[in-house]
Amino acid sequence: MIPTGTLPELILTLLVAAAIAPLMGQYVANVYSGGSSFWEPVVGRIEAAAYWVMGVDPGRPMTWKEYLRALLITDGLAMAFVFVLVQVQAGLPGNALGAPNMSWDLALHTATAFGTNTDYQHYVPETQISQFASLYGLELLMFTSPATGLCVVAALARGFTRRDGRIGNYYVDFVRTLTRILVPLTVLGAIAFVLLGVPETLTQAVHILPLTGGKEVVPLGPVASWDSIEFLGTNGGGFYAANAASPFQNPSAATNFVAILLMTALTFGTPIAFARLVRRPGEALPLVATVVTLFLVGLVLFLAFEGSNPFLPATVNQSSGYLVGAESRFSITESALFQFTSVYTNTGATNMALGSLTPMAQSVLLFGMFMQSTPGGVGTGFGTLLINVVLAVFMGGLMVGRSPEYLGKKIGMAQVKWAAGAILSHPFAILIPTAVAMTVPGVLTSAIGGYTPHGFTVLLYEFTSEAANNGSGMGPINDGTMFFNVVGALVMLVGRYVPLAAMVAIAGSLSTQAPHRPGSGTLKTRSLTFWFFLTAFIVVVTGLLFLPVLALGPFSQIVGGL
């Protein structure tokens, strides 16, 4: 069972996160509404210089197709740069540990993973990536990918407030996201990590003499700044292979606490920012309530299932919780809260061995990635939530015979088609590659050694994590092969850009409408009824799409499988 003495710390962490979210939402809304800040004289010049270099007219808004094209070009160029960089890293400076050039398929997976905010690592960071490629390649994508997600939130907000078919200028949104949100907050987070003992240095390694004799090389680098953008941007890729379980990357309960706050700051603040951008602050209430409800229910279930392992004999003492796979410097509550928050924010960082979790705890994590919106990754999580809102409003309006409208805009066939396509793309991106991996000769055996319920769960988790742009992995699995590199890259691209395209298209279609005054037949979305309906809608739709496949994995383990 979970030790009750550790619960006050969990509650305190959640309360601090809840206090930060509204402040972050207000700040993000100020950035995208064109508000100024106290460092305007400096940051304004930096942004003007960036627009001049790119040849961008910051005063020209874009249609949704232009906005989407600019998004794809920006992300594509960044990923192409990293794809080339990691294939020539052996001959570049900043490679004191002798990392070799990556093969084309591993380079494809790595560039795609970091460019899509997934950060799934099929390589060992300590030996297979140079510090130069890490700093100037991977960390570049760790800024651009969450910036893309936040830009889409701004575009969605403009879809509800404009009527001229324009949803803003992507390049302006992108630059302002970097200069006013991600970079300054990352600096603050890095300072906090340095003060708490996380290394921040350009020294690539140190040699130590262990008490047991011999010599050991310990890789080092700017770990604190990496940590900061890893958690703030819901990236999740670790500086070390052990990720947040490494004592260098996450040395104490204090750094664990800061990491949780960073993961929740933007993800929980985004619904508040959106409501302010559409000039209806009260509309944030049902959205935040839905996210918080599903998050807390999932957390309680995860703690309950991970508090003890029913498969162990009664003679085994589990009074401190089920500690298998957890770091001894953390309590089970600290480990579980971090791990649950990481998966439900689609960060994907790990401080526990996910393969050691109980089957039901694994099911809770999988269900969070199936939903993608509780709260989900930076920007994209809220976008997925809004897609669910569009479908829920449409269905709810039809069920009670009321006009399907949301925030003064009619929800019609065009919006529903894009929303349905985005929702359905998720199971396609997960279930098809899982079925292929199960049926292609040799893949199943080489990856997990043959079929077992746990092996199927590991395989399902692999593609779910990639499709959800999560990035956490459950072992043991041999996924560093050409099959998993290429297929995984395709899954990440589909899981990222099909929903993003749908979100931008919905924003564009709404931006051509004149706003409507709510009438007696309009479904009221700022209500307890809509909160309950939206919550139930997300759970039911997710269950219908994914519960059957869970029966082949973790549910089979529960009834006696291995």
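The values are calculated or read from the model by the stated rules, or taken from the named source; none is laboratory data. All values reported here derive from a predicted model rather than from experimental measurement. Cβ: placed from backbone, ideal geometry, glycine included. Neighbour counts: every protein chain shown.
Do you know which residues across region 175-198 are crowded, with 21+ Cβ neighbours inside 10 Å and under 24 Å from residue 94 (Cα atoms)? Result: 186, 190, 193, 198. Please go through region 76-105 and give me each residue that is surrounded by fewer than 21 Cβ atoms within 10 Å (Cβ to Cβ) and not in a loop (DSSP other than H, G, I, E, B), ordered by number. Residues satisfying the conditions are 76, 77, 78, 80, 81, 83, 84, 90, 91, 104, 105. Kindly check whether there is at least one residue in region 80-92 that is under 27 Å from residue 164 (Cα atoms), under 26 Å from the mean Cα position of the chain (by Cα) and free of Cβ contacts under 8 Å to residues at least 24 places away in the same chain. No, that holds for no residue. Residues that are part of a helix (DSSP H, G or I), farther than 21 Å from residue 268 by Cβ and free of Cβ contacts under 8 Å to residues at least 12 places away in the same chain within region 9-54 comprise 40, 41, 42, 44, 45, 48, 49, 52, 53, listed in sequence order. Considering only residues in region 230-265 that are among the aliphatic types (A, V, I, L, M) and in contact with a Gly (Cβ under 8 Å, 6 or more places away or on another chain), the one that is nearest to residue 128 (Cα to Cα) turns out to be 244. Could you please let me know if residue 399 is surrounded by fewer than 24 Cβ atoms within 10 Å (Cβ to Cβ), within 30 Å of residue 513 (Cα to Cα) and hydrophobic (A, V, I, L, M, F, W, C)? It is true that residue 399 is surrounded by fewer than 24 Cβ atoms within 10 Å (Cβ to Cβ), within 30 Å of residue 513 (Cα to Cα) and hydrophobic (A, V, I, L, M, F, W, C). When residue 465 is tested against the conditions (1) in contact with a strand residue (DSSP E or B) (Cβ under 8 Å, 6 or more places away or on another chain); (2) under 20 Å from residue 343 (Cβ atoms), the lone failure is (1). In region 182-204, the residues that are acidic (Asp, Glu) reach residues that are assigned to a helix (DSSP H, G or I) with C-beta atoms within less than 8 angstrom, at least six apart or across chains, in these pairs: 200/190; 200/193; 200/194; 200/223; 200/224; 200/225. Checking each residue in region 482-500 for being under 18 Å from residue 427 (Cβ atoms), surrounded by fewer than 20 Cβ atoms within 10 Å (Cβ to Cβ) and not β-branched (Val, Ile, Thr) picks out 490, 493, 497. Considering region 480-497, and only residues there that are small (Gly, Ala, Ser) and assigned to a helix (DSSP H, G or I), the residue that is nearest to residue 459 (Cα to Cα) turns out to be 488.
Each row is one residue, and each column tells you yes or no for (1) over 23 Å from residue 117 (Cα atoms); (2) surrounded by fewer than 21 Cβ atoms within 10 Å (Cβ to Cβ).
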| site | (1), (2) |
| --- | --- |
| 226 | no, no |
| 232 | no, no |
| 236 | no, no |
| 261 | no, yes |
| 270 | no, no |
| 281 | yes, yes |
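Scanning region 438-454 for residues that are within 26 Å of residue 559 (Cα to Cα), among the small types (Gly, Ala, Ser) and either surrounded by fewer than 21 Cβ atoms within 10 Å (Cβ to Cβ) or at pLDDT 95 or above (or both) yields 449, 450. Looking across region 375-406 at every residue that is polar (S, T, N, Q) and at pLDDT 95 or above, the one that is farthest from residue 471 (Cα to Cα) is identified as 388.
What pairs come up if the first residue lies in region 547-559 and is within 14 Å of residue 370 (Cβ to Cβ), the second is among the aliphatic types (A, V, I, L, M) and assigned to a helix (DSSP H, G or I), and their beta carbons are under 6 Å apart, counting only those six or more places apart or on different chains? Every condition considered, the pairs that remain are 553/460. Among residues of region 400-422 that are closer than 17 Å to residue 511 by Cβ, those with a Cβ under 6 angstrom from a residue that is in a loop (DSSP other than H, G, I, E, B) and modelled with pLDDT of 90 or more, sequence gap 6+ or separate chain, pair up as 407/278; 409/513. Suppose the filter is of a type outside the set (A, V, I, L, M, F, W, C) and surrounded by 23 or more Cβ atoms within 10 Å (Cβ to Cβ); does residue 509 pass it? Judged against the criteria, residue 509 is not a match.
Quick check on my filter: what residues within region 457-467 are crowded, with 23+ Cβ neighbours inside 10 Å and either under 22 Å from residue 556 (Cβ atoms) or out of contact with any helix residue (DSSP H, G or I) (no Cβ under 8 Å at 6 or more places or on another chain) (or both)? Scanning region 457-467 gives 457, 459, 460, 461, 462, 463, 464, 465, 467.
In a residue-by-residue description of region 24-43, the property of being modelled with pLDDT under 95 and surrounded by 18 or more Cβ atoms within 10 Å (Cβ to Cβ) applies to at least one position.
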